[in-house]
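K.L.:
Dropping the structure in here first, questions after.
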């Protein structure tokens, strides 16, 4: 009697389970005409791209934008666009000629989505210390990063404190912008103590130390790692737009050819008032 | 009868197919690795051992970095790991073993990112203050964290191998008058040696291949420390180079990163073979033929 009961349950249960499995396999299939646009690249642009994608996806039923995380860096994004793995490459620096040459079949079209500056940040202890370092000159920053200045005492900070130098990894748009402005040479060698693969890593490293210096995109400046003036100019919206802050740059999105169709919808969203409000919210400067 | 035969043959060949697929995948990985790294070895030649990665694509700095971090990790993991395994299996009272074993197995399953996070938030500042380092991010921190990560696995496997030694061996030894420690040292441990060496090999593989935690406590630096043996500084490792640069590398750099993978493979294979040889030596010594 029990056996019959078990058999009956098995006969009903088994098909149900099998059908359930088959059904879950098909949940991956979305309805007709939903296109996915993939974006990836700069970690500086990432918060803007991500937030805009979230809002855009809520508004648009037929187009969904996926921003790759963790971001692979400006160089990485351009490479993915060249290979066709993404449709939008986020970059915090202009594309290099060598990159254009690497992918001759791709017509890299540049759209500027925000203005930004690279701020120099220091640990709170250095900023607030007795003599306090609230500003440096380009020459001093260069000296620190190429190892000729090794003690905070030489630039007005607490003496006898070694300088903990943080930089970004090669391939980072933020690094290229910084190196271009301070060394006039993107590929110069530095004597940095640590290299990091994202703005937030640099910010954390500088905030968590008592003797550190680093550089991040404007949107990553916070009270936990205050920014200093460079050649007497603070990194603010006004100075960056006016061009008086030495390390200003634009944030870009690259596409294969001029954006059309669904890609154009997303780029237009970012350039709209709503998108530019998100840009401002994340600490960057809306395109003028 | 025929039906049963068919079924048995069917199962046999199905399993053969599955096993072949996995073997095929492994060989394909090796083949792809060597094929992709060949242009790097051919074009760069001995330059691949130089210490400058940025301009010369030299992996010398990363190789020493990986070896130093692994050595540091194993210096912590081996003595404490095997000692811990012996303690839990031979010397601990039952209630202690019952509490410790599950805890250690949970620790063995904790993802490496978590260890990296603990390392970055707790270990690095601690090292910075204790050793008066500039920042605390260093190969030393890497060695500590990877050692801590590998420890639970070695303890667990060592304990399992020791427990697997048949009771007769232990009891025979005790019956002829040996003490508990003499039994452990001369009878149980050598009998479990193959398992313990397997644990040791696993530890090497894990320590050498650890990427995420290394990136978090050593950073993604590409310029090697000066001097090369200074473990109080950051240094590139083969894994941090691959993870840090694969995203944006193209052309020869990709081949060089694959070459870094080949170096990792060679080092692990070499240490595994060494471990096998030592294991045979010990077995030969204690088991007779």
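Derivation of every value follows stated rules applied to the coordinates shown; laboratory data play no part. Predicted model, so just to flag it, every value in this text is computed and none were measured. Methodologically, a virtual Cβ is constructed for each residue, glycine included, from the backbone with ideal geometry; neighbour enumeration extends over all protein chains shown.
K.L.:
For the stretch A:117-248, what does the relative contact order come out to in percent, with C-alpha contacts under 8 Å and a separation of six or more? Present the calculation step by step, with values, prior to reporting the outcome.
P.N.:
Values: 257 pairs, mean separation 51.9, N = 132.
Value for the stretch A:117-248: 39 percent.
K.L.:
Turning to a different aspect of this structure: In Å and from the alpha-carbon atoms only, list the Rg and Dmax of the stretch A:71-186.
P.N.:
18.1, 58
K.L.:
With both bridge residues required to lie in the stretch A:73-231, what share of the DSSP beta bridges run antiparallel, to the nearest 5%? Display every interim value, and only then the final one.
P.N.:
Details: 8 of 15 bridges.
For the stretch A:73-231, the DSSP antiparallel bridge percentage is about 55.
K.L.:
Report the Stokes-Einstein translational diffusion coefficient (µm² s⁻¹, integer) for the stretch B:217-289, Rh taken as the Kirkwood radius over Cα pairs, at 20 °C with viscosity 1.002 mPa s.
P.N.:
My calculation gives 143 µm²/s for D.
K.L.:
When the Kirkwood hydrodynamic radius is evaluated over all pairs of different C-alpha atoms of the protein assembly as shown, what value in angstrom, to one decimal, is obtained?
P.N.:
Working: mean 1/r = 0.0363 Å⁻¹.
Computed over the protein assembly as shown, the radius equals 27.5 Å.
K.L.:
Separation between the residue B:80 and residue A:58 pseudo-spin-labels, each 7 Å from Cα along Cα→Cβ, expressed in nm?
P.N.:
In this crude spin-label approximation the distance works out to 4.7 nm.
K.L.:
Right, another one. Write down the percent of antiparallel bridges among all DSSP beta bridges whose residues are both part of the protein assembly as shown, to the nearest 5.
P.N.:
Values: 24 of 39 bridges.
Here the share of antiparallel DSSP bridges comes out near 60 percent.
K.L.:
Pop the C-beta distance of residue B:114 and residue B:71 into the FRET formula with R0 = 25 Å and round what comes out to the nearest 0.05. Spell out each step's value before the answer.
P.N.:
Details: r = 24 Å, r/R0 = 0.94.
Using R0 = 25 Å, I get an efficiency of 0.60.
K.L.:
Output the peptides A:69-81, B:104-116 sorted from most to least packed, where packing is the average of other Cβ atoms within 10 Å over each peptide's residues.
P.N.:
Details: A:69-81: 25.8, B:104-116: 15.2.
Averaged packing, sorted descending, gives the order A:69-81, B:104-116.
K.L.:
Based on alpha-carbon centroids, what's the gap between the stretch B:109-188 and the stretch B:6-52 in Å, whole number please?
P.N.:
Centre-to-centre distance over Cα atoms comes out at 32 Å.
K.L.:
Taking each pair of different alpha-carbon atoms in the stretch A:232-288 once, compute 1/r for the pair, average those values, and report the inverse of that mean as the Kirkwood hydrodynamic radius in Å to one decimal. Please report the intermediate quantities before stating the final value.
P.N.:
Details: mean 1/r = 0.0775 Å⁻¹.
Mean inverse Cα-Cα distance, inverted, gives 12.9 Å.
K.L.:
Once every DSSP H run of n ≥ 4 in chain A is given -39500 (n - 2.57) and the sum is divided by its residues, what mean residue ellipticity at 222 nm do you get, rounded to the nearest 500 deg cm²/dmol?
P.N.:
Working: 11 runs with 113 residues, N = 288.
Counting only the DSSP helices, I get -11500 deg cm²/dmol.
K.L.:
Packing-wise, with mean Cβ within 10 Å as the measure, how do B:271-281, A:117-127 rank, highest first?
P.N.:
Numbers: B:271-281: 14.4, A:117-127: 24.8.
Most protected by this proxy first, the peptides run A:117-127, B:271-281.
K.L.:
What do you get for the angle between helix B:139-163 and the principal long axis of chain B? Use alpha-carbon atoms, 0 to 90 degrees, nearest ten.
P.N.:
The angle comes out at about 20 degrees.
K.L.:
Here's something else I'd like to know. Can you give the average number of partner chain beta-carbon atoms within 10 Å of each beta-carbon in peptide B:234-246, as a whole number? Working shown, then result.
P.N.:
Working: counts 4, 0, 1, 0, 0, 0, 3, 0, 0, 1, 7, 7, 2.
Mean partner-chain Cβ count within 10 Å for B:234-246: 2.
K.L.:
May I ask you to compute the full-extension gain from residue A:268 to residue A:154, defined as 0.36 nm times their residue separation minus their alpha-carbon distance, rounded to one decimal in nm?
P.N.:
On the way: separation 114, 0.36 × 114 = 41.04 nm, distance 4.90 nm.
My answer for the length gained is 36.1 nm.
K.L.:
Sticking with this one: I need the shape label for chain B. Rule: rounded when a/c is under 1.5, else prolate if a/b > b/c, else oblate, with a, b, c from the alpha carbon gyration tensor. Mind showing how you got there, number by number?
P.N.:
Details: a/c = 2.10, a/b = 1.28, b/c = 1.63.
Since a/c reaches 1.5 but b/c is at least a/b, the shape of chain B is classed as oblate.
K.L.:
Which log10 I(q)/I(0) values, to two decimals, does chain A give at q = 0.07, 0.11, 0.12, 0.13 Å⁻¹ under the Debye formula with one point per Cα?
P.N.:
-0.35, -0.68, -0.77, -0.87
K.L.:
For a Förster distance of 45 Å, can you work out the FRET efficiency between the beta-carbons of residue B:179 and residue B:12, rounded to the nearest 0.05?
P.N.:
Working: r = 51 Å, r/R0 = 1.12.
The formula returns an efficiency of 0.35 here.
K.L.:
Let me ask something else. Only bridges whose two residues both fall in chain A count here: according to DSSP, what percent of them are antiparallel, nearest 5? Don't jump to the answer; show the numbers that get you there.
P.N.:
On the way: 24 of 39 bridges.
Of those bridges, close to 60 percent are antiparallel.
K.L.:
Over all directions, what mean area does the Cα convex hull of the stretch B:1-105 project, stated in square nanometres? Provide the component values of the computation, followed by the final result.
P.N.:
Details: hull surface 55.7 nm².
Seen from a random direction, the Cα hull of the stretch B:1-105 projects 13.9 nm² on average.
K.L.:
In a Debye calculation with equal point scatterers on the alpha-carbon sites of the stretch B:123-280 and no solvent, what is log10 I(q)/I(0) at q = 0.11, 0.20 Å⁻¹?
P.N.:
Log-scaled intensity ratios, in q order: -0.61, -1.20.
K.L.:
Please report the spacing between the Cα centers of the stretch B:210-289 and the stretch A:190-232 in Å, no decimals.
P.N.:
29 Å
K.L.:
Hey, another quick one. Sketch the reach of a paramagnetic label on residue A:200 as a point 7 Å from Cα along Cα-to-Cβ, and name the residues of the stretch A:72-92 whose backbone nitrogen lies under 14 Å away.
P.N.:
Residues passing the 14 Å test: A:72-73.
K.L.:
Taking only Cα atoms, what is the 0 to 90° angle, nearest 10, from helix B:94-109's long axis to the longest principal axis of chain B?
P.N.:
30 degrees
K.L.:
Right, something else. Compute the angle between helix B:193-209 and the longest alpha-carbon principal axis of chain B, please, reported from 0 to 90 degrees and rounded to the nearest 10.
P.N.:
Roughly 20 degrees between the two axes.
K.L.:
Okay, next question. Given a 10 angstrom Cα cut-off, can you work out which residue in B:266, B:204, B:82 is the most mobile in a GNM of chain B?
P.N.:
B:266
K.L.:
Give me the mean projected area, in nm² to one decimal, of the convex hull enclosing the Cα positions of the stretch B:142-199. List each step's numbers first, then the result.
P.N.:
Details: hull surface 17.0 nm².
So the mean shadow area of the Cα hull is 4.3 nm².
K.L.:
Could you work out the equivalent-ellipsoid semi-axes for the stretch B:96-157, taking the square root of 5 times each eigenvalue of the Cα gyration tensor, largest first, in whole Å? Numbers along the way, then the final one.
P.N.:
Working: eigenvalues 143, 23, 19 Å².
With the √(5λ) rule applied to the stretch B:96-157, the semi-axes are 27, 11, 10 Å.
K.L.:
Here is a further query. Which whole number gives the average count of other chain Cβ atoms within 10 Å of the Cβ atoms across peptide A:156-169? Can you show the working numbers first?
P.N.:
Values: counts 0, 0, 0, 0, 0, 1, 4, 2, 6, 2, 3, 3, 1, 9.
Whole-number average of other-chain Cβ neighbours for A:156-169 is 2.
K.L.:
While we're looking at this one, here's another question. After finding the eigenvalues of the alpha carbon gyration tensor for the stretch A:117-248, what semi-axes result from the square roots of 5 times each, listed largest first in whole Å? Please report the intermediate quantities before stating the final value.
P.N.:
Working: eigenvalues 75, 55, 43 Å².
Those come to 19, 17, 15 Å.
K.L.:
Let me ask another. Just counting partner chain Cβ atoms within 10 Å, what average do the residues of peptide B:129-137 show around their Cβ?
P.N.:
Values: counts 1, 0, 0, 1, 3, 11, 13, 6, 7.
Mean inter-chain Cβ contacts per residue within 10 Å come to 5.
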